[in-house]
Amino acid sequence: MRRHLAIPLGILGLIVVIGVVVTFDYITLLFDPVTDNAIDFEVPVVDNESHLPVTSNPQLIPKILHQTWKNETVPEMWRAAQESCLKSHADFEYKLWTDESSRQFIADQYPWFLDTYDSYPFNIMRADVIRYFVLAHFGGIYIDLDEGCQSRLDPLLTYPAWVRKADPTGVSNSVMGSTPRHPFFLRVMLELKNYNFNWHVPYITVMYATGPLFLSVIWKQYKRWAVSDAEQVWILMPPEPGASYFNDLHGSSWHEDDAKWIMYLGVHWLFFTVLGFLLAAVVGLVSYLVVRRMYPRMPLKYKYLEYGE
């Protein structure tokens, strides 16, 4: 009986172990304070003659602003945010990546990724991807169109790579900065193929394959081996009242009905985490009882006969 019981319980245990290994980075995101290498708001000092900010640390990131939209015509609701960044950063090069120019860039510079790029079921996934590739290729700062600029971004140019802290956990891809060829964004580029899976739920597919959850997991993995200062990824912390680089208008134009339920899960993540463990325990107990019923204990006399005692 013990032999029969050990096999299904062993299989169940193996499934649990595999599940923990596969979801380890996702689970640990819930408990990561994201306070290592934190960036807080810094008011830049302005030169009296040039009227441009000066910082005590050297500039590492080139003065390039990247944004994305499906074509050259930016919607009216986001033009004010776009203009706020353009006017306050007239000395920056500006690149608006459209659907056409983004695909052409991938085809010309990274043809090995073109099939994956074309395979994404939602256009927002290509918008996610192009921001990683252009930061790795050119360097600069990427800004979502629904992010207005409240202050000069020069202090952020002094960090080799940075991303913004997300709510409630992990990091976001709404604003990011990088030097060209930074190892973090190079790794993000290479990992995209490994995470290209359609979950048949739009929000989950986007988040896990190319969006903030994907970026957060790669960031967690990257932190384990990034050792030098140049390899570090810094975290732009949530703004304080009256002290912020960006003004978030919360566009979320790609969200569908499934996003509401997922966001509800995110707000109540602790409850659903505990509930998940309880359900797993119930499944384990039921599995054990089923196995016991299928393989009841042998009468004592037959047990002795089986083993020749």
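When residues in the range 160-184 are screened for being aliphatic (A, V, I, L, M), modelled with pLDDT under 95 and outside any loop (DSSP other than H, G, I, E, B), 1 of them pass.
Of the residues screened, residue 187 is not one that is open to solvent by 10 Å² or more (accessible area, probe 1.4 Å) and not in a helix (DSSP H, G or I). I need a count of the residues in the range 122-147 that are open to solvent by less than 10 Å² (accessible area, probe 1.4 Å), more than 14 Å from residue 213 (Cα to Cα) and acidic (Asp, Glu). So the count comes out to 1.
Taking the range 192-309 as the region of interest, the helices (runs of 4 or more DSSP H) fully inside it that hold 2 or more residues being in contact with a Leu (Cβ under 7 Å, 6 or more places away or on another chain) and at pLDDT below 80 are 269-294. Six or more apart or on different chains, Cβ under 6 Å: which pairs go from a residue in the range 148-173 that's open to solvent by 20 Å² or more (accessible area, probe 1.4 Å) and among the aromatic types (Phe, Trp, Tyr) to one that's at pLDDT 90 or above and assigned to a strand (DSSP E or B)? Could you list them? Going by the 6 Å Cβ cut-off, the qualifying pairs are 159/234.
The residue list 39, 64, 27, 106 contains one member that is modelled with pLDDT under 75 and of a type in the set (A, V, I, L, M), which is 27. Scanning the range 105-159 for residues that are in a helix (DSSP H, G or I), touching a Gly at 6+ places or on another chain (Cβ under 6 Å) and of a type in the set (A, V, I, L, M) gives a single hit, 156. If you go through the range 56-81 and keep only what is more than 19 Å from residue 135 (Cα to Cα) and either touching a strand residue (DSSP E or B) at 6+ places or on another chain (Cβ under 9 Å) or outside any loop (DSSP other than H, G, I, E, B) (or both), you end up with 56, 72, 74, 76, 77, 78, 79, 80, 81.
When the range 190-241 is filtered for residues that are surrounded by 14 or more Cβ atoms within 10 Å (Cβ to Cβ) and β-branched (Val, Ile, Thr), the ones remaining, listed by number, are 201, 204, 205, 206, 210, 217, 218, 233, 235.
Regarding the range 169-190, can at least one residue be identified that is on the phi > 0 side of the Ramachandran plot and not aliphatic (A, V, I, L, M)?
First, pick out the residues of the range 169-190 that are on the phi > 0 side of the Ramachandran plot: 170, 181.
In the following step, the residues that additionally are not aliphatic (A, V, I, L, M) were identified as 170, 181.
Yes, there is a match, as at least one residue in the range 169-190 is on the phi > 0 side of the Ramachandran plot and not aliphatic (A, V, I, L, M).
The values are calculated or read from the model by the stated rules, or taken from the named source; none is laboratory data. Since this is a predicted model, take the numbers as computed values, not measurements. Ideal geometry is used to build each Cβ from the backbone, glycine not excepted, and the neighbour counts take in all protein chains shown. Heads up: the accessible areas ignore ligands, DNA and RNA and are worked out on the full protein's heavy atoms, side chains in. Shrake-Rupley method; radii C 1.70, N 1.55, O 1.52, S 1.80 Å.
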